[in-house]
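The structure under discussion appears below in the form of structure tokens.
The values are calculated or read from the model by the stated rules, or taken from the named source; none is laboratory data. These numbers were taken from a predicted model, which means no experiment stands behind them. We place every Cβ from the backbone using ideal geometry, glycine too, and count neighbours over all the protein chains shown. SASA here: full protein model, heavy atoms, side chains in, ligands and nucleic acids out. Shrake-Rupley method; radii C 1.70, N 1.55, O 1.52, S 1.80 Å.
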Amino acid sequence: SRLKVFEERPRATMAPKQKKAAKEAPKVYDYSGLEEGMKCQVEADGSYYAAEVLKVSTAKTRSKAPVKVSYKGYEGYDEWVGGDRMKSKALKVVKPEPKSKPVTEKSTFKLNYFGITALGEPIRATFKLAGIPFENEPMTGEQWGELKKTLPEGSQMPILHATKGDSTEMMFQSRAILRYVGSIGSYKGVRLYPTNVKERYYCDEVIEMVEDVRPHMVPTFAIEDQAEKEAARLALVRPGGKMYTPLLKLNERLGKFPFAAGKNPSIADAYVVMVLFMLQQPSFLDGFPSDTFKDMPNITALKDKFCALPPIKEYYKDAEGIRAPFKVA
């Protein structure tokens with residue numbers, strides 16, 4: 001209950017009735033920054049008073065007033081209050097997800113990439129997780145050679161064809177395409193490329209940590225002797241190898257949140273899972289072992305959690321060969 005001990009105020013005369021303003025949506029508060037002992041100000045009977053945070057509750061029964069405060073100078077008048085009555089730099093208002101125009105029925109997508117996983121698979125998985133229809137058009141080396149002749153010099157796959165009406169745009173660069181799909185696609189109402197600035201940082205951080213690992217395998221493609229090539233790839237992921245330490249670092253980072261960027265799945269999860277599991281058999285890359293991630297349980301745990309999401313589970317329910325790791329029971 002509100003304080004009753006403050007000075008009496010004269011009652012104001014009734015103001016003329018005015019037209020009711022449009023009702024605003026109630027604010028949603030983030031109380032995670034509040035800690036016991038923090039100073040704040042709390043409104044009581046129209047005025048703000050100095051107070052101290054005694055407790056922050058996460059119980060559902062306290063959702064409307066989860067903060068217990070003690071008023072400075074008024075012993076024994078502790079009260080449970082909500083963010084609508086508090087002033088504190090540690091109290092944040094959660095900004096709602098901005099509404100964006102959904103992909104219209106006239107918008108269609110086609111993805112060109114080789115039949116392997118690699119850099120095309122995170123894009124495919126993100127389309128599926130978002131529930132956005134797309135045409136997956138895998139290409140052979142010969143088909144790519146013919147298509148490449150028609151493209152600007154230096155063009156590479158994957159290529160996303162985005163068609164709306166009579167206009168088609170070709171998009172290049174795998175991670176740019178991935179962020180685009182994540183920006184238009186959502187899972188359970190949350191964008192797969194986060195709109196929250198800090199969550200977006202976490203998302204990009206993890207993607208770049210994968211990129212600290214992946215390029216180390218590129219030089220192995222130039223090794224002509226098969227046995228030497230396989231030995232070089234095995235050495236990359238064993239202790240002392242160029243991939244091993246950044247993989248350990250990424251494994252530690254993945255223990256920070258339920259998913260890579262926070263509590264919700266994002267394109268970072270798709271990138272970690274689909275790209276890193278090239279480095280463990282079954283894979284189209286010879287030489288990598290079947291136990292690459294034996295010292296990295298968080299990487300395997302994220303793969304299992306991401307692939308258990310219903311749209312991903314459905315997509316890979318019949319997966320075989322190099323995609324078998326993405327099939328979950």
Mind checking the dipole of segment 201-329: about its Cα centre, +1 per Lys or Arg Cβ, -1 per Asp or Glu Cβ, Debye to the nearest 20? 440 debye
Determine the alpha carbon to alpha carbon distance for each of Lys128/Lys148; Lys198/Lys317; Lys27/Lys249; Lys27/Lys327; Lys60/Lys256 and list only those over 30 Å. Lys198/Lys317; Lys27/Lys249; Lys27/Lys327
Size of electric dipole in the chain: Cβ of Lys, Arg +1 and of Asp, Glu -1, about Cα centre, debye, nearest 20: 1960 debye
Taking the Cα centre of segment 258-314 as the origin, how large is its charge dipole in debye, to the nearest 20, when only Lys and Arg (+1) and Asp and Glu (-1) carry charge on their Cβ atoms? 220 debye
Which aspartates and glutamates does Lys294 reach when only Cα atoms under 16 Å apart count, and residues fewer than 8 places away in its own chain are ignored? Glu252, Asp304
Relative to the chain, whose Cα atoms define the longest principal axis, helix 297-307 and its Cα axis are tilted in degrees, nearest 10, by 90 degrees
Highest mean packing first, using Cβ neighbours within 10 angstrom, the peptides 155-166, 196-207, 134-145 sort as 196-207, 155-166, 134-145
Antiparallel content of DSSP bridges confined to the chain, in %, to 5: 85 percent
At 7 Å along the Cα-to-beta-carbon direction for both Ala231 and Lys305, put a label point, then send me their distance in nm to one decimal. 4.0 nm
Kindly work out what percent of the DSSP beta bridges joining two residues of segment 44-148 are antiparallel, to the nearest 5. 65 percent
For segment 234-301 and segment 132-208, what is the separation of their Cα centres, given in Å? 22 Å
Provide the gained length on full extension for the span Lys249 to Thr140, in nm with one decimal, where the gain is 0.36 nm per separating residue minus the Cα-Cα distance. 35.7 nm
Which one, Asn136, Val94, Ala162, is farthest towards the positive end of the dipole of the chain when Lys and Arg carry +1 and Asp and Glu -1 on their Cβ? Val94
Measure off, as a whole percent, the carbon and sulfur share of the 1.4 Å-probe accessible area of segment 107-251, all protein chains present. 53 percent
Treating the angle as unsigned and between 0 and 90°, give the value, to the nearest 10°, between the Cα long axis of helix 197-211 and the longest Cα principal axis of the chain. 20 degrees
Run the numbers for Ile223 and Ser32: contour at 0.36 nm per residue of separation, minus the present Cα-Cα distance, in nm. 63.5 nm
